[in-house]
Amino acid sequence: MFRLSKWKRWARTSGIGVVVGMMLAGASPVFGYSVVKPSQSPLPASGAQQQQAAAPSSRSDEALLVYGREWLTQEGRERLTELYRMLRGTHSKVSLVRGGDFTEGQLRDAELIVAAGGAGEEFLKSLPSSLPGSGRQLLALTTEQGFAAAEAQLAAALDENGKSSPEFFMLTDVNPFLDMDELMSKGKWLHERGIPFWMELRPIFINTETESMQRYYDAVRKLQEYGGLALLGTLGGWTPPDEWESFRAGYEVTGATNSDEPEQLSGQAWLAYVQQGIYPAGFSGPPDLMFDREWEKVLRHGSLFVEQSEWQGYTRDNESGSGWEGTYVPFEDQAEQRGHGLLPDASPAVLALSASMPEESFRNLLNDKLRSGSAYADPALTDSFLHWNDRQLVRRQGVLTLDGVPAVWQPPEPPPDTSSLPPETAGDQLSTVNKGIKMTMSVLFVVSVLVVGFFVAAFVVGRQINRRKHLR
Amino acid sequence: MEQQLGVVDYLFLYCMICIWIMLLINIVLTAGGYRYYLKTLQMRVDEPLDEYPSVSVLIPAHNEEKVIGQTVSALMALDYPADKLEIIVINDNSSDATGDILAELQQSRPDINLRVLTTDAVTGGKGKSGALNNGYAISKGEILAVYDADNTPERSALKILVHTLVRNDRLGAVIGKFRTRNTSKNWLTRFINIETLGFQWMVQAGRWQLFGLCTIPGTNFVVRRSLIERMGGWDTRAIAEDTEISFRIYRFGYKIQYMPLSVTWEQEPETVPVWIKQRSRWVKGNIYVLLKNIKLLFTRESKHIRFDLLYFCSVYFLFLSSALLSDAIFLLGILGLVEYKIAGNTLLLWMMAFLVFVLEMAIALSMEKGQSRPRNIGYVAIMYFTYCQMWLVVAVNGFYQFIRDAILRREARWYKTERF
């Protein structure tokens, strides 16, 4: 159900932390958090107030997360990533900047500057409490009382304005290998209970024309009718890069496609879905993707990212995470169990359940949630866009357009009835038997040509022999 | 979507496979026949024997007044020691002047050992096999020769056959060639002339060259008396007695050689109804023989005749059914009622099949003096669409008669070919 246990996550993170720590040993010991206000949001602005409430992408604020010594320890990095997620849910852009590296411009543009680490951080001295003409607010978080305390402090600050963001529901890892009937049953059940949902689709870029794939596409289209909104998941088999593994080791698709670039593969998958009348709104994956150089290129094509699991622990490069600008929906942590990771009310959150989860457990869990008062917002009201090459899919105020016109899918024209065509024009659509027959006929033709040549010669010679015989 | 083949496609495929299997077999046989033809050019079959065996020539005759005089005259003129030759005409329950003609011939040539065995409805009238059994019963020759009542053998015909038989102990019988006497009568006889030459140079000569097999054609052949004795005479239930006796000779371990230098000329049907009746009898008779011997396919002792069994089975069952089916598919296709999805250039392949057929026949014609002229090649091309298609009618008719007689338990009736 939830992807990785805390202990597993910590175990992996601690390993990576040693290397990352060594890499950063020569850097400034001062770290921080910041949120930078986006200057030009690629997202269309939302209109109706109601839609704004349900559309986290409508905000245009930036946060700056400044850090110092927090990056030096494993626990500190975890705190930073958790704070980053919390800020991501409420701010469309979050920049991580080492203390001392920030510029005045960054400070001026940020609506919220979060200083991680507490009163002991040296960089705090260089952060002015206020800048003339900027609306930014400085929040110094203390970690001396632990992780949870820092998160709670940030949550309280974020919730100061009293804004409450919606909670979403998501079906993860929807793929062709599932039991389609069960999948449809879950979709119908969600529809009957008025739960709109995101559905994370596995990217598919090969064998998209097969019969079983068509059945899969039919099922996903039906899920869309049930209130499902597609998100493009991570590449099948892909795992975030590990410092101890080959970077590409996780690509199962290698050799099956004409490229192993995530950007190109994801583009192919997106286009394949769009051509089938399935319109992904954004991306979905573990938050680590935000910090991966390869995925940074992918994420540039869209403006919506929905977490489907906890942080996997692969923090490689905070620049990548800082670069992306768009709507971010964090994964709803089980805060009660972990004692931290509580998302503020101001942040949207997503409850993600695997599509392969047994149906009964699936229903029971959601029923419990509904009984406890949870309500799930309609993801379709979240503004977003996705583009690849010349094609653009835009959702604005619940209206979907593809390349500027309302997206309405028409079933493809049935293939021409090749049975009425002469067999020669059927071309590559020949069955294996028919191909064998055709090849045999070609061989037979060559043989018959040889026989005809031999017989003609025999006939001419035979006539000559006969003539001489009777002349004797 | 891949094109999936339907029932019509598989039927069409069956036709193509059967037709091309037969075509390929005939290509091989033609090559064998051609090789044998080249061998015959070097043969010296007229070298005399030290001692000639006695020969009884059997001529079954039932109401043969139109042709019997010419036939017996030709037989009396055979180049064979008169003291070793016995001509037995079985005047089998004739109601015409056959007996009178034979009596006259007897009187005109008292130097010839011409014997006439006259039977009536009680003692004869059992068809060709019965007549041959009657003639064989009174014959004395070490070798038996058989000629049909409408035959005109060349003078050397019998001697060549006997020379060949005596010089090879492994031979149980030797068959000669038969030519069409009335070729120029009409289109039908021209077609028959081409057919008989094609059959003999391709099927007979080719099988002999490649497999040591031949089928006795019913006339112009010699067979060892000892073999007829061992087999107890001709099978009176077989109306294709020639094919039937061939299989029995095979089973005794003997071979039957085709000797094309021994020639007889015979009269062929001049009208389609007569031709259909005669050929239907052949088909019916051959089916009987095939079914009688089909079990030999699975015995080791008869492995040397397996090819013949398979060949005739292919001709009468596979080829016939496929030819009928392909014609039906062709006609239904023209009417737009069916269509096939078989890939490949079937039209081109069909044209090649036609070309191969014409050339096979042309090669056979090239082995006979004056037969390979362009007009005859034209006849071959036309035959493919006419005469060959008529064979389908004959084959179906023969099958029908066989099944009908088998169900009604009718005794096989021997149809005597009408003479002209």
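The values are calculated or read from the model by the stated rules, or taken from the named source; none is laboratory data. Note that this is a predicted model, so its numbers are computed, not measured. Quick reminder, even Gly has a Cβ in these numbers, built from the backbone with ideal geometry, and neighbours come from all protein chains shown.
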Would you say B:G33 is touching a residue at least 40 places away in the same chain (Cβ under 8 Å), farther than 30 Å from A:M213 by Cα, of a type in the set (G, A, S) and within 14 Å of chain A (Cβ to nearest Cβ)?
yes
Out of (1) in a loop (DSSP other than H, G, I, E, B); (2) within 18 Å of B:G206 (Cβ to Cβ), the one B:G336 does not meet is (2)
Out of B:A381, B:A328, B:A406, B:A362, I need the residue that is within 26 Å of B:Y10 (Cβ to Cβ) and not charged (D, E, K, R). Which one?
B:A328
Please return the ranges of strands (runs of 3 or more DSSP E) entirely within the stretch A:342-411 where 3 or more residues are within 19 Å of the chain's Cα centre (by Cα).
A:349-354, A:384-388, A:391-396
Condition (residue is touching a residue at least 60 places away in the same chain (Cβ under 8 Å), surrounded by 23 or more Cβ atoms within 10 Å (Cβ to Cβ) and closer than 30 Å to A:N466 by Cβ) applied to the stretch B:281-298: is it met by at least one residue?
no
Let me spell it out: the conditions are (1) in contact with a Cys (Cβ under 8 Å, 6 or more places away or on another chain); (2) facing chain A (nearest Cβ under 7 Å), and B:M367 meets all of them except one. Which number is the exception?
(1)
Could you tell me which numbered condition B:G344 fails, if it satisfies all but one of (1) in contact (Cβ under 8 Å) with a residue 24 or more places away in the chain; (2) of a type outside the set (V, I, T); (3) surrounded by 20 or more Cβ atoms within 10 Å (Cβ to Cβ); (4) within 14 Å of chain A (Cβ to nearest Cβ)?
(1)
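Which of the residues spanning the stretch A:278-302 are at pLDDT 90 or above, under 18 Å from A:Q392 (Cβ atoms) and crowded, with 24+ Cβ neighbours inside 10 Å?
First pass over the stretch A:278-302, keeping only residues at pLDDT 90 or above: A:278-284, A:301-302.
With the extra rule that they be under 18 Å from A:Q392 (Cβ atoms), the set shrinks to A:278-283, A:301-302.
Scanning the stretch A:278-302 gives A:P280, A:A281, A:G282, A:F283, A:G302.
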Please go through the stretch B:36-47 and pick out each residue that is more than 10 Å from every other protein chain (Cβ to nearest Cβ) and free of Cβ contacts under 8 Å to residues at least 24 places away in the same chain.
B:Q42, B:R44
Every residue from the stretch B:143-163 that is in a strand (DSSP E or B) and among the small types (G, A, S)
B:A145
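May I ask you to verify whether A:G398 is touching a strand residue (DSSP E or B) at 6+ places or on another chain (Cβ under 9 Å), surrounded by fewer than 17 Cβ atoms within 10 Å (Cβ to Cβ) and closer than 25 Å to A:S266 by Cα?
On the way: touching a strand residue (DSSP E or B) at 6+ places or on another chain (Cβ under 9 Å): no; surrounded by fewer than 17 Cβ atoms within 10 Å (Cβ to Cβ): yes; closer than 25 Å to A:S266 by Cα: yes.
Spelling it out, it is not the case that A:G398 is touching a strand residue (DSSP E or B) at 6+ places or on another chain (Cβ under 9 Å), surrounded by fewer than 17 Cβ atoms within 10 Å (Cβ to Cβ) and closer than 25 Å to A:S266 by Cα.
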Residue count for the stretch B:131-154, restricted to those that are of a type in the set (A, V, I, L, M), farther than 17 Å from B:S94 by Cα and buried (at least 21 other Cβ atoms within 10 Å of the Cβ)
4
Any residue at all in the stretch B:1-23 that is assigned to a strand (DSSP E or B) and within 14 Å of chain A (Cβ to nearest Cβ)?
yes
Only strands (runs of 3 or more DSSP E) wholly contained in the stretch A:31-140 count here; list those with 3 or more residues that are in the same structural domain as A:S309 (by TED's automatic domain parsing) and modelled with pLDDT of 80 or more.
A:62-67, A:93-98, A:112-115
For the stretch B:373-397, give me the residue count where each residue is among the basic types (K, R) and at pLDDT below 90.
1
Breaking point among (1) within 21 Å of the chain's Cα centre (by Cα); (2) facing chain A (nearest Cβ under 10 Å), for B:C388
(2)
Residues to consider are B:I87, B:I112; find the one that is buried (at least 20 other Cβ atoms within 10 Å of the Cβ) and in the same structural domain as B:N63 (by TED's automatic domain parsing).
B:I87
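Yes/no matrix, rows are residues, columns are (1) farther than 30 Å from B:Y384 by Cα; (2) surrounded by fewer than 18 Cβ atoms within 10 Å (Cβ to Cβ); (3) out of contact with any Asp or Glu (no Cβ under 9 Å at 6 or more places or on another chain):
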| site | (1), (2), (3) |
| --- | --- |
| B:I21 | no, yes, yes |
| B:A31 | no, no, yes |
| B:E47 | yes, yes, yes |
| B:L75 | yes, no, yes |
| B:A82 | yes, yes, no |
| B:N93 | yes, no, no |
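Considering only residues that are hydroxyl-bearing (S, T, Y), in a helix (DSSP H, G or I) and crowded, with 18+ Cβ neighbours inside 10 Å, which ones fall in the stretch B:356-384? I'd like the intermediate steps shown before the answer.
So the first thing to find is which residues in the stretch B:356-384 are hydroxyl-bearing (S, T, Y), and the list is B:366, B:372, B:379, B:384.
Right, trim to in a helix (DSSP H, G or I) and you get B:366, B:379, B:384.
Across the stretch B:356-384, the qualifying residues are B:S366, B:Y379.
Do we find that B:A353 is under 20 Å from B:I17 (Cα atoms), more than 8 Å from chain A (Cβ to nearest Cβ) and in a helix (DSSP H, G or I) in this structure? Steps first, please.
Working: under 20 Å from B:I17 (Cα atoms): yes; more than 8 Å from chain A (Cβ to nearest Cβ): no; in a helix (DSSP H, G or I): yes.
Judged against the criteria, B:A353 is not a match.
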Please go through (1) more than 9 Å from every other protein chain (Cβ to nearest Cβ); (2) among the charged types (D, E, K, R); (3) farther than 25 Å from B:V393 by Cβ for B:D327 and return the number of the only condition it doesn't satisfy.
(3)
